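Working notes for the structure below.
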Amino acid sequence: MTSNNKKELLLEMKNIHIDGFSDERWHKILKGVDLNLYRGEILGLIGESGAGKSTMGKAAMGYTQPGCKIIKGEIIFNGTDLAKLTEFEKRKIWGTKISYVAQSAAASFNPAHRLMDQTISAANRAKINPTDVLRKDAVQLYESLQLPDAENIGERYPHQVSGGQLQRIMTAMAMSPRPELIIFDEPTTALDVTTQVEVLSAMRSIVDKFNTAAIYITHDLAVVAQMADRIKVLRYGEEVEESKTKDMLSNPKEEYTKSLWSVRSLIKPEETNDDYMLSIKNIDAAYGSSKVLHDVSVNIPRGKTVAIVGESGSGKSTTARVITGLLPQTKGEIIFDGKKLSPKLEQRSKEELRRIQIIFQMPDTAMNPKQTVDEIIGRPIEFYHGVKGKERETKVIDLLKMIELDETFLDRLPSELSGGQKQRICIARALAANPDLIICDEVTSALDQIVQEGILKLLQKLQKDLGVTYIFITHDIATVKAISDEIVVMYQGKVVEQGLKSKILNPPHPDYTELLLSSVPEMDPDWLTNLLNKRSN
Amino acid sequence: MPGDFATEILGQSATKSSVEALRSELGLDKHPIPRYFEWLSNVFQGDFGSSFSGRSKVQGDQGDRSRLVVELIIPRLKNTLFLTGVSALVAIPLALLLGISAALYRNSVYDRSATGFSLVTVSSPEFFTGYIFILLLATLFPVFPTIANVNEDTSLIERFYLTALPVFTLTLVTMGHMMRMTRSAIINILSSEYIEMAKLSGATRYEVIVKHALPNAWAPIAQVITINLAYMLIGSVVVEFVFNYQGIGRLMVGSVYNRDIPVVQACALIFASTYVILNLLADLIGIISNPRLLYPK
């Protein structure tokens, strides 16, 4: 983080109004937001989805996505109003004076070109330096971003390097023309926590090194706390508040800002017992010839919540697929309520199927878009309990009430629901079977913080009322702290450890658990610095 | 198709024994399946056999004037390849140019009229398009000849002139499809994130299309181009007939009339292998243009 000795204004956005066209009409996306940025300063822009933070970030370049337009406002960058420039004039600024780092590096690199060519393309176009000088410089940037084999990595194609590496190469690409301003648009959201730490520290050090100003857009307050000097909170296209990072964290003024990290305040006292609802013993599983689970054993106590954590590729979701029978194991056995379950879905009885239900990560794709809420929830009631007519309707309405909705939702289609409501309907659908065990596969990761909190509270309430057992699969440690009794840590298809929440979260840890837990950003602006110091020692 | 070469050539008044004699001489009395495999094994040794027509015994002549199938086909094949080659040289660049520019100015008047017009040309059968050209450019405004009658002595310039109308017809019939596919392949890619990224790094419109979108569109474009090349070659059967052009298509139709099986089989083999080879080529282009397939992880 840099201190601003000379406070020279680099970017001044005044009263920005942007409209977007969707569903056959124009909506207001930004309703008069101001933004000031000084040279060498990093501003964090946070808010939930739909807050307009990404639109604001792109507007800082004078760019709007297709289907959006700037209605009103000035974007004064270095004394020029970008809103008044033609496309042709703006192109001379884009990529050279202001550059952009996108959320998904994997999708934002052109698959047809080598990374080096893409890294230096903007600087090359502007003829900032001869190509060979730019290439050497890019290699140095790769080095300072701690990329492996910096000399040759540029000769690869995007699909040949990992997501975390791509994100760093994109930062190198943004830095190559030595811009005055970089827009980071959720650059670490798609990464695992352990990778996120590396990328964050690389980005921060390089921005520091060249004293580049930046706007850092994210929905994660703990992440922005590591990067930004100042934080601005947006909601529904309006500013909620803005202050210095330290002040914002220690003393947020607005209720809304406080609620942004309230999920982290949810606490559940841990309990466990030896009466196992489900135990899986020495499971191996494979997709085709590639083995993904190695000797996995997990016990799930009755009426409790066991969280399975790990980064992508650790085998969490595969474990869920094995338990439900979607992917038969190649070795080992599953004991459910004292009885052995057959590996294959088709060989399980209807009763066994009823007692294990699953809720998926993406409620959008988990529901048939052509079915009404009534059909979605009613179908398992009919299928498992054979209930029809009036009785079925009463049951559906009871379920809706249980998930804190009401009968006015009966005739709605999934497209007419919000993200949180959709996930609630998915929960109701699972409950309709009256199951003993519900597997929640990343059920909150696609949702905003506040909505997440609502869903987690609902799940806890349902457990208290109905005594249902949960397996909660997630990569988010904050969620784990909020909801679990026991934790299972997985890494590369193996179980690292299982135990009570307090035991897993407190030292001593196995190495991997230590790495995973220490990588979770905390609401402390010095967290990243301290962590890096600690790790280098 | 009733009858065979023997009944066809000897006519209705032929005696049963003379038909039998001709059949046994040509091998037509054998079962068709072993006959086919015999022919096929000869083909693998480079022997396409002789044409039935022009045989000495049939004509009652002294010398055997029957011709080898290869001799018969090669000049015709050359003519057809010339026609499709010229058509492809006109149609492919034009289709790419129109497709790319339509994608570039999407939803403009230009785009709408280009896609609309291409829909009309794709939907009209080639004999219809051919006759329209004859009506316009040969009858009403006599610029080009109706009949594209070429032989081995025709000079190259004259060939271009004579084949103008068939070339126009084949171009028009295939161009629309290629143009529309090029346009949609590029538009598809224009909505991807790396295109927005390219724009935000200051790429010009031209650069976005040619450097960023096109390299990712080669596979679908190659696919549609090769399909149309094959279509041109095979569709030339109709066009050659309309313009009385001495190509392989006409030869095949004529041989079918005469039940001249060796020639028909050879033509069918050429058409089929063209299809297979061109599709293989499209797949190869798809692999070469995609680094994900060319350079594994």
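The values are calculated or read from the model by the stated rules, or taken from the named source; none is laboratory data. All of these numbers come straight from a predicted model, not from anything done at the bench. Backbone-built Cβ (ideal geometry, glycine too); neighbour counts: all protein chains shown. To get the accessible areas, we keep the full protein, side chains included, count just its heavy atoms, and leave off ligands, DNA and RNA. Shrake-Rupley method; radii C 1.70, N 1.55, O 1.52, S 1.80 Å.
Scanning region B:264-297 for residues that are in contact with a helix residue (DSSP H, G or I) (Cβ under 8 Å, 6 or more places away or on another chain) and within 14 Å of chain A (Cβ to nearest Cβ) returns B:I285, B:G286, B:I287, B:I288, B:S289, B:N290, B:P291, B:R292, B:L293, B:L294, B:Y295, B:K297. The residue pairs whose first member lies in region B:215-239 and is away from chain A (no Cβ under 14 Å), whose second member is among the basic types (K, R), and whose beta carbons are closer than 8 Å, counting only pairs six or more residues apart or on different chains, are B:V237/B:R250.
Please verify whether A:L166 is in contact (Cβ under 8 Å) with a residue 24 or more places away in the chain and either more than 14 Å from every other protein chain (Cβ to nearest Cβ) or under 25 Å from A:K90 (Cβ atoms) (or both), treating the condition exactly as stated.
Numbers: in contact (Cβ under 8 Å) with a residue 24 or more places away in the chain: yes; either more than 14 Å from every other protein chain (Cβ to nearest Cβ) or under 25 Å from A:K90 (Cβ atoms) (or both): no.
Taking the combined requirement at face value, the residue does not satisfy it.
Return the total of residues in region A:172-199 being closer than 28 Å to A:T479 by Cβ and modelled with pLDDT of 90 or more.
As a first pass, look at region A:172-199 and keep what is closer than 28 Å to A:T479 by Cβ: A:184-199.
If we keep only those that are modelled with pLDDT of 90 or more as well, we get A:184-185.
Going through region A:172-199 one residue at a time, the tally reaches 2.
Among the candidates B:F168, B:F144, B:F128, the residue that is modelled with pLDDT of 85 or more, aromatic (F, W, Y) and either buried (at least 22 other Cβ atoms within 10 Å of the Cβ) or assigned to a loop (DSSP other than H, G, I, E, B) (or both) is uniquely B:F144. Within the option set A:I76, A:I46, A:I29, being under 20 Å from B:L200 (Cα atoms), β-branched (V, I, T) and touching a residue at least 12 places away in the same chain (Cβ under 8 Å) holds for one residue only, A:I76. Applying a threshold of 7 Å to beta carbon distances and a minimum spacing of six or more residues, or different chains, the list of pairs starting in region B:193-209 at a residue that is of a type in the set (D, E) and ending at one that is open to solvent by 30 Å² or more (accessible area, probe 1.4 Å) reads B:E193/A:S104; B:E193/A:A107. Scanning region B:75-109 for residues that are open to solvent by 80 Å² or more (accessible area, probe 1.4 Å) and among the aliphatic types (A, V, I, L, M) yields a count of 4. In region B:199-214, what residues are open to solvent by less than 10 Å² (accessible area, probe 1.4 Å) and facing another protein chain (nearest Cβ under 7 Å)? Within region B:199-214, B:L200, B:G202 qualify. Test of understanding: among B:G116, B:G176, which residue is open to solvent by less than 30 Å² (accessible area, probe 1.4 Å) and within 25 Å of B:T226 (Cα to Cα)? From the options B:G116, B:G176, the qualifying one is B:G176. Exactly one residue out of A:S279, A:S290 is touching a residue at least 12 places away in the same chain (Cβ under 8 Å) and out of contact with any Gly (no Cβ under 9 Å at 6 or more places or on another chain), and it is A:S279.
Among the residues making up region B:147-165, those that are open to solvent by less than 50 Å² (accessible area, probe 1.4 Å) and in contact (Cβ under 8 Å) with a residue 12 or more places away in the chain are B:A148, B:V150, B:R159, B:L162, B:T163, B:A164, B:L165. All conditions in (1) open to solvent by 40 Å² or more (accessible area, probe 1.4 Å); (2) within 14 Å of another protein chain (Cβ to nearest Cβ); (3) free of Cβ contacts under 8 Å to residues at least 12 places away in the same chain hold for A:A126, with the sole exception of (3). Residues of region A:378-428 that are under 29 Å from the mean Cα position of the chain (by Cα), open to solvent by 60 Å² or more (accessible area, probe 1.4 Å) and within 18 Å of A:I358 (Cα to Cα): A:M402 alone. Here A:E151 clears all of (1) facing chain B (nearest Cβ under 10 Å); (2) over 30 Å from A:M56 (Cα atoms); (3) charged (D, E, K, R) except the condition numbered (1). Pairs linking a residue in region B:266-283 that is open to solvent by 50 Å² or more (accessible area, probe 1.4 Å) to a residue that is outside any helix (DSSP H, G or I), with Cβ atoms under 9 Å and 6 or more positions apart or on different chains, are B:L269/B:F48.
B:F52 fulfils the conditions (1) at pLDDT 90 or above; (2) assigned to a loop (DSSP other than H, G, I, E, B) except for a single criterion, (1).
Of A:A138, A:A105, all but one fail to be open to solvent by less than 10 Å² (accessible area, probe 1.4 Å) and over 29 Å from the mean Cα position of the chain (by Cα); the exception is A:A138. For region A:39-102, the strands (runs of 3 or more DSSP E) that sit wholly inside it and include 2 or more residues that are open to solvent by less than 10 Å² (accessible area, probe 1.4 Å) and under 27 Å from A:R168 (Cα atoms) are A:42-46, A:98-101.
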